[in-house]
């Protein structure tokens, strides 16, 4: 009996070892996937560190089945070339922004920065996940790309030598502006937008040849040193809320198993949440310090923001005539703004 017990125990041990070996072999032979993605953000920036967490989240959640090789600081191709490089298979994914593709189709403006549209990152995300993704598929699909999601740091703030308490203060206000839709909207409200290289902005503000500048969010503007030169700003902002995107080569995306697709989508939503959350804290901390330092931060009233949005939407309509997809996206945004009560 004792011998039989030993033999039985030995058999169980062999069976268990065989199961462990089989399990390990099964895991080792399970398909492995890799995506090569480029971002324009540097690895040591706040956004770059958030991207690194996104990469790690995917690796951990997939149990190592899916890894991301992230190229920071546009180290493979120029930022503007990232989308085409992913579309043609040089890269697998683009983690820059749709703004680089406006020259390809004006519709990308309304995936990059819906000027004057939504008042918070959460509202803009709400559009994307309530019909916007389907609208985006029409555009991205034409270039063999799949939009996975956005990551948005929130409203941008102006830096100004003069008060900006409402639309009336925009009349004859001379400021550095990006080209295109932004300049058109502000010109329609009586401002004097000037398109110039950002490196010239600091001297122009100091010698008062410019009244102000459009740059970034409040915390980023502080880091740039803009409020060391000027003593007025807008916060929260109202005019611009750019979104970075993750877009993946459509063939590469469709080759991923459904569970890995879901992992990427969930990781992207976490990145979106963490980006908005991180900058919500940073911008409010910056606002508190600026007020202590004597900088006047102007918060436009709901009526003033609505007036600006009305001017922006008028400019959208002229852009909507530029392509079928632009019209489709403009109509989608307007319908959702009405749904949120932000437009008539």
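At least 3 residues being in contact with a strand residue (DSSP E or B) (Cβ under 6 Å, 6 or more places away or on another chain) and under 30 Å from residue 334 (Cβ atoms) is the threshold, and among the helices (runs of 4 or more DSSP H) wholly inside segment 31-125 those reaching it are 82-87.
Residue-by-condition table, conditions (1) within 22 Å of the chain's Cα centre (by Cα); (2) not assigned by TED's automatic domain parsing to the domain that holds residue 214:
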{"position": "233", "(1), (2)": "no, no"}
{"position": "256", "(1), (2)": "no, yes"}
{"position": "272", "(1), (2)": "yes, yes"}
{"position": "299", "(1), (2)": "no, no"}
{"position": "306", "(1), (2)": "no, no"}
{"position": "310", "(1), (2)": "no, no"}
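Annotation note: Cβ proximity below 7 Å between a residue of segment 151-176 that is without any contact (Cβ under 8 Å) to a residue 60 or more places away in the chain and a residue that is crowded, with 23+ Cβ neighbours inside 10 Å and not in a strand (DSSP E or B) (sequence gap 6+ or interchain) occurs for 170/186; 173/211; 174/210; 174/211; 175/210; 175/211; 176/210.
Residue under question is residue 261, and the condition is that it be over 18 Å from the mean Cα position of the chain (by Cα) and in the same structural domain as residue 89 (by TED's automatic domain parsing); does it hold? Yes.
For every residue, the table says whether it meets (1) surrounded by fewer than 17 Cβ atoms within 10 Å (Cβ to Cβ); (2) in contact with a strand residue (DSSP E or B) (Cβ under 9 Å, 6 or more places away or on another chain); (3) in a helix (DSSP H, G or I).
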position	(1), (2), (3)
146	no, yes, no
149	no, yes, no
159	no, yes, no
164	no, yes, no
169	no, yes, yes
190	yes, no, no
199	yes, no, yes
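Selection of segment 121-142 for residues being over 15 Å from residue 326 (Cβ atoms), touching a helix residue (DSSP H, G or I) at 6+ places or on another chain (Cβ under 8 Å) and surrounded by fewer than 19 Cβ atoms within 10 Å (Cβ to Cβ) yields 122, 126, 130, 131, 141.
Given the criteria within 30 Å of residue 87 (Cα to Cα), at pLDDT 95 or above and in contact with a strand residue (DSSP E or B) (Cβ under 6 Å, 6 or more places away or on another chain), does residue 297 qualify? Talk me through it step by step, then tell me what you get.
Working: within 30 Å of residue 87 (Cα to Cα): no; at pLDDT 95 or above: yes; in contact with a strand residue (DSSP E or B) (Cβ under 6 Å, 6 or more places away or on another chain): yes.
No.
The values are calculated or read from the model by the stated rules, or taken from the named source; none is laboratory data. Remember, predicted model here, so these are calculated numbers, not experimental data. Every residue, glycine among them, receives a Cβ derived from its backbone with ideal geometry; neighbour counts consider all protein chains shown.
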